[in-house]
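A.B. asks: The structure is given below, and queries will be raised subsequently.
The values are calculated or read from the model by the stated rules, or taken from the named source; none is laboratory data. What you see is a predicted model, and the numbers here were worked out from it, not measured in a lab. Positions of Cβ are generated from backbone atoms using ideal geometry, with glycine treated the same way; all protein chains shown enter the neighbour counts. These area figures cover heavy atoms from the full protein model, side chains too; ligands, DNA and RNA do not enter into them. Shrake-Rupley method; radii C 1.70, N 1.55, O 1.52, S 1.80 Å.
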Amino acid sequence: MATGFRGNGSSSCKYKCDTAANTLQWIKAIADFIRPYSFLINAPVVNFFKDRLWEAVDEEWMECLRKEHVKNLLLIPSGAVQEYWPDSLKKFIRTSKSLALGREQADLQMVLPGWCIASLNTVLSQGMNQKKKHEVEVLSAIISLIASDLKSHAIVDVGAGQGYLAQVLSFHYKHSVLAIDACSHHGNVTSARSERIKKYYSAQIRKSGLETNSLRLPKAMTFHVLSVDALKSLANMSLQDDHADKTSVTGDDLEKTSRQELKGLCSSGKEPSLVLAGLHACGDLSMIMLRTFVECKEVKAVINIGCCYNLLSEYGSDNEGVQNGFPMSFGVKSSGLFLGKSGRDLACQSAERWRNLENEGGVHNFELHAFRAAFQMVLYKYYPEVVATFPSVGRQGKALRRRKKREAALSSQCHEDKLEASQSDLIGGLPDNSNAFSHTISDYGSTPCEQAKSVDKYLLFENFCQSGLNRLGLQSLQDMDYYGIWMDNEPFAELIGPYWSLRAALGPVLETCILLDRLLFLQEQGESLDAILLPIFHPDLSPRNVAIIARKVGAT
């Protein structure tokens, strides 16, 4: 009996996406909600100090949150509120939560009858961290179930990376697999790793006295630019005769290779049946997969988990003549909803990641945002022509985190020195009363170490600036007043945490909008296919955990 889809994995939400009408209603509710908060969504946070962005937020909200403990700020994207907060603030946070897809891992055995996860052996899981192992174990079992039900000739792993998923599908589940990626290095790694895994399995088979002829390796192909047409052309390829030889070609050679070297399934008299799969298909790659599924009759099913929404092309920007990553559906295009670059960036924020940050990690992240916003003031003052190019200085968190650890060690030593000095003073003849002792400790605590803490933060900022200039290929000028710029803006740095927490509350809502748009695109095709959104991974391990799973009705 064919595998069916039961439910949509979002039962905890008051909105539904089981039909195109319900999905569009949910999207419109999101559009209505986010419209008044465009000042939060579209704000370039690097201009936090320059444009005094906090002044656009309800003053009562900011006054309340600036005094809030960091652990409570980190819970805002998850929908947690404190009862003493203003009612309007609580409503904003709770509404954001209610409009976002539920992320609790679905009961996959209920939704996908016959699904059963298999724990990977140490050979197949070598090189995987805990997150990747969890993802590959869960997803490979889903793909294998659907491919087996469809009697698929092959699975195409789109954006395969180093081939972990493809190798599990090939060696463990015995499917014919084509792994494609834009990076030729990844293709080489996939092929080399597959050869090592094959040696292990070949040895095991020989020990059992069986033949190794049926042992297949996943093929590796490199596409420098992958399009819907290029992916559709793979439907004419046969992987059935591939046993031991690796095949690595580029997208430029695809047509020639397909015509001259590979057997077409159509020529064998059988209608080809392919399954497209993508684990965290980046940016527009998810759009390419879904469009290929719809347009190519040979593709019978697609399983897609997207990511990197910041890299999506968007309708209404400078590339209107091409197929865009957002929106895909006619319904969203007709609504005129536009996220913009800042909105797509914000959709990458994960409530789970925020919630799981330790207090120290949260403080560190807020400091980094403050440093970046203050560095923008440096650029505006000394390099105004560079600002016009929207410069990116990349991530500098690791270096600053190491410095913070050194700062914490020095702070600990400072505390020990204070206590030792205080006790020495008492021994030296200070009056024997508690007030005198408290006064001595207070003097040491409020003067040198608080000053040191302030100076250390400035030194971190100066280091950030020098690193940022270096990454931008700029030379530091002799008259640059880092200290003056930092001291002018530091009094407002405490507002960064509240501001970013409020923005991050909108992240899951915006991601939900992108995912619903993709689902609606499939639902608009009519009754020829079934499609669902399903949280398949544990969200604490893999925050991008919502899969789009679709199959053509009647496909066997």
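A.B. asks: Hey, Cys116 hits all of (1) touching a helix residue (DSSP H, G or I) at 6+ places or on another chain (Cβ under 7 Å); (2) open to solvent by 20 Å² or more (accessible area, probe 1.4 Å); (3) closer than 20 Å to Leu346 by Cα but one; which does it fall short on?
C.D. replies: (3)
A.B. asks: Output the helices (runs of 4 or more DSSP H) that fall wholly within region 349-395 and possess 1 or more residues being under 23 Å from Leu75 (Cα atoms), or say none.
C.D. replies: It comes to 351-355, 359-382.
A.B. asks: Of the residues that make up region 399-413, is at least one of a type in the set (A, V, I, L, M), surrounded by 11 or more Cβ atoms within 10 Å (Cβ to Cβ) and either modelled with pLDDT of 95 or more or under 25 Å from the mean Cα position of the chain (by Cα) (or both)?
C.D. replies: yes
A.B. asks: If you go through region 532-545 one residue at a time, how many are touching a strand residue (DSSP E or B) at 6+ places or on another chain (Cβ under 6 Å) and either open to solvent by less than 10 Å² (accessible area, probe 1.4 Å) or without any contact (Cβ under 8 Å) to a residue 24 or more places away in the chain (or both)?
C.D. replies: Within region 532-545, residues that are touching a strand residue (DSSP E or B) at 6+ places or on another chain (Cβ under 6 Å) and either open to solvent by less than 10 Å² (accessible area, probe 1.4 Å) or without any contact (Cβ under 8 Å) to a residue 24 or more places away in the chain (or both) number 5.
A.B. asks: Could you tell me whether any residue of region 199-210 is in a loop (DSSP other than H, G, I, E, B), within 23 Å of the chain's Cα centre (by Cα) and not hydroxyl-bearing (Ser, Thr, Tyr)?
C.D. replies: No, there is no match, as no residue in region 199-210 is in a loop (DSSP other than H, G, I, E, B), within 23 Å of the chain's Cα centre (by Cα) and not hydroxyl-bearing (Ser, Thr, Tyr).
A.B. asks: Determine whether Ala370 is touching a helix residue (DSSP H, G or I) at 6+ places or on another chain (Cβ under 6 Å), at pLDDT 95 or above and either within 28 Å of Asp488 (Cα to Cα) or surrounded by fewer than 16 Cβ atoms within 10 Å (Cβ to Cβ) (or both).
C.D. replies: yes
A.B. asks: Follow-up. How about region 29-44: which of its residues are open to solvent by less than 20 Å² (accessible area, probe 1.4 Å) and closer than 15 Å to His369 by Cβ?
C.D. replies: Listed by number, the residues that qualify are Leu40, Ala43.
A.B. asks: Taking Leu460, is it surrounded by fewer than 23 Cβ atoms within 10 Å (Cβ to Cβ), part of a helix (DSSP H, G or I) and touching a residue at least 40 places away in the same chain (Cβ under 8 Å)?
C.D. replies: yes
A.B. asks: Among what's in region 92-113 and is of a type in the set (D, E, K, R) and buried (at least 16 other Cβ atoms within 10 Å of the Cβ), pick the residue that is farthest from Trp61 (Cα to Cα).
C.D. replies: Restricting to residues being of a type in the set (D, E, K, R) and buried (at least 16 other Cβ atoms within 10 Å of the Cβ), the top hit is Arg103.
A.B. asks: Return yes or no: is Tyr201 closer than 23 Å to Gln105 by Cα, of a type in the set (Phe, Trp, Tyr), surrounded by 15 or more Cβ atoms within 10 Å (Cβ to Cβ) and touching a Leu at 6+ places or on another chain (Cβ under 9 Å)?
C.D. replies: no
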